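The values are calculated or read from the model by the stated rules, or taken from the named source; none is laboratory data. All figures in this text were calculated on a predicted structure; none of them were measured in a lab. Positions of Cβ are generated from backbone atoms using ideal geometry, with glycine treated the same way; all protein chains shown enter the neighbour counts. The accessibility values were calculated without ligands, DNA or RNA, using every heavy atom of the protein model including side chains. Shrake-Rupley method; radii C 1.70, N 1.55, O 1.52, S 1.80 Å.
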Amino acid sequence: MKNENIRVRFAPSPTGFLHIGSARTAFFNWLFAKKMSGVFVLRIEDTDIERHKEDTIDLIMDSLKWLGITWDEGPDIGGIFAPYRQSLRKEIYNQYAQKLIAEKRAYRCFCSPDKLEEKRKASTKDKGSDFLKYDRECLKLTDEDIANNLQYGRNYTIRLLVPDDREINFTDIAYGKISVNSKIVEDFIIIRSNGLPTYNFSVAIDDIQMKITHVIRGEDHLSNTPKQLLIYDALNSELPRFVHLPMILGSDGQKLSKRHGSISIEAYRDEGFLPEAIQNYLALLGWAYDEKTTIFSLEELVAKFSLEDINKKPAKFDYEKLLWLNGGYIRNTDDKILSKLIYGRLIKSAPQKNTDIVSGINMAKIEKIIPLIKERMRTIKEACELISPFFYKVRYAEEIKNFFENEKSEAANILNNTITVLEAFSDNQTTSITFKSSLIEPELKKIADKLGINLRKVAEVVRIALWGAKVSPPLFGTMEILGRTETLNRLKAYSENF
RNA sequence: GGCCCGUUCGUCUAGGGGUUAGGACAGCAGAUUUUCAAUCUGCCAGCAGGAGUUCGAUUCUCCUACGGGCUACCA
């Protein structure tokens, strides 16, 4: 049962992918809606026709869905306050604007952008580099002037008439009491000359009209809030509660951008992060439940989340911690699900024609591999890299070829012993000496004992030969899955180095 | 420039007039181990600076510094 008394919204502008910071904002809104059994609205703020990119709307919605964020009202599913795209709500904004003009709370401005630019320049010269605001030239226009201008079809914008000297006060749930004097805000434009509203106007109108009760958004909007408050006031509307979320910054404290690595939710999905891990990590950016809990299930998050616990300090994005969290979530994920994810990625990245394939990429095999690597993967991508030699021929890098340069005879001896022992195994699963890890291990241990060395040393030589790398999944299990034939092929191929 | 906001280990944070300032990630060391991980144990590390209030400030107030945001016919 939805509680209509709690309505929140996430209002992205469709200019690109879903940014990690926007995702956090969306998620906090969603968490709050879930906790309160409220309504979560998705609204597209596409009033800037220049920057707007149509296909990013689907991109954003896909990312949200992948993250587990669903909405009760939105552009795709409609709702009682449809439409949910601002570009389709032009009439609504204009009605409000006309009302404000009629009540002398707003006025038409016929100044062209060029003219405004001149004014700004002139003003800068006069008063140094001080703050400059619109000089209200068009406020002085008589009704006759306006009628004339209108008749000539001159372009105009609509500006809000801002009170000269008034304290604007509001309480932000995270930031506390905030107070700004209206004298520092100019008569800002609410309707552009193309008839579309500007952000501060459309956001206020929509939040009023859609009966939004809690505005949860990034801290970059904190400074815009007084302007919106002025609109609420001009319209005599009830205020929502405001909650601003601290910014998410890059590791150097600068605004999160491409050079900090991945910043789109899409990218994290492609790298093989699980949505649960992203949710958990995002929740920890600007919010904390208590002094020790860091791992939360979604249910716990919904239950424990509270706007009052949101903090104000900007948070730096810590990729390492995300990796750690993701590893934890992977270990708790069902093998079948992991198999599918790995399978999907492997297939996607597989070269079209590849003569190096030693084994078809199939689910059954991947499912067998999972237990070997589950504890050592932090992302699906990492897993794929680690297990790639199961499917592709080993390519020995120079450093690996010459790995035993200084101990050639010992390495050759180990390898030859191993080959001899393994050849005694049967490929036939029904005989007693099947090629199983539990049976392979003691045999290699015997070799180690015989040569008076550590099993570790034996494993090192065999691993390099078998995997072409210093690191591999557990050796014996790897050999079992690879099979006797392929295992021996690789060992023999490598022994030719000596 | 003006206005708004912020500042606890490298990072995310808990705390809050008297605490050995707590946890987690990372780092380091050890245990375990066929590698790498995982796991466990231990270690390292912090209240931006200066005044004031107070018996006592990391906590309250002010100033400074630093950081961020807004100041568009962007959102």
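Considering only protein heavy atoms, with the full assembly of protein chains and a 1.4 angstrom probe, order A:Asp114, A:Asp318 by accessible area, largest first.
If we order A:Asp114, A:Asp318 from most to least accessible, we get A:Asp114, A:Asp318.
For A:Leu161, what residues show an amide H to amide H distance below 5 Å, using hydrogens built from the backbone and excluding near sequence neighbours?
Amide H neighbours of A:Leu161, under 5 Å, 5+ apart: A:Ala106, A:Tyr107.
Let me check something: with ligands and nucleic acids excluded, how do A:Leu150, A:Leu386 order by accessible area (1.4 Å probe), largest to smallest?
Of A:Leu150, A:Leu386, the descending order of accessible area is A:Leu150, A:Leu386.
Could you list which residues have their amide H under 5 Å from that of A:Asp172, counting only those 5 or more apart in sequence or on another chain, with H placed in the peptide plane?
Counting only residues 5 or more places away or on other chains, the set is A:Lys177, A:Ile178.
Heavy atoms only, probe 1.4 Å: what % of the accessible area of the stretch A:317-439 goes to carbon and sulfur, would you let me know?
Result for the stretch A:317-439: 50 percent of the exposed heavy-atom area is carbon or sulfur.
Could you compute the net charge surrounding A:Ile216? Neighbours are other residues with a C-beta less than 10 Å from the C-beta of A:Ile216; K and R count +1, D and E count -1.
+3
Keeping every protein chain present and rolling a 1.4 Å probe, give me the accessible area per residue for the stretch A:398-495 in Å².
Computed with neighbouring chains in place, this is 49 Å² per residue.
Using +1 at the C-beta of Lys and Arg and -1 at the C-beta of Asp and Glu, which of A:Ala122, A:Asn94, A:Ala204 has the Cα lying farthest in the positive direction of the dipole of the stretch A:89-245?
Selected residue: A:Asn94.
Rounded if a/c is under 1.5, else prolate if a/b beats b/c, else oblate: with a ≥ b ≥ c from the C-alpha gyration tensor eigenvalues square-rooted, which is chain A?
Prolate is the answer for chain A, as a/c is 1.5 or above and a/b outweighs b/c.
When all protein chains stay in place, what accessible area (Å², nearest 10, 1.4 Å probe) is found for A:Ser87?
40
Ignoring any ligand, DNA or RNA, what whole percent of the accessible area of the stretch A:89-245 comes from carbon and sulfur when the probe is 1.4 angstrom?
Ligands and nucleic acids excluded, carbon and sulfur give 48 percent.
Taking Cβ-Cβ under 4.7 Å as the only way to count a partner, pick out the unpartnered cysteines of chain A.
Lone cysteines by the Cβ rule: A:Cys111, A:Cys384.
For A:Met1 and A:Glu410, compute 0.36 nm times the residue count separating them, minus their Cα-Cα distance, and round to one decimal in nm.
Gain in length upon complete extension: 140.0 nm.
Students often get this wrong, so check it: of A:Lys365/A:Lys457; A:Lys34/A:Lys211; A:Lys90/A:Lys133; A:Lys53/A:Lys340; A:Lys35/A:Lys255, which have C-alpha atoms separated by over 24 Å?
A:Lys365/A:Lys457; A:Lys90/A:Lys133; A:Lys53/A:Lys340; A:Lys35/A:Lys255
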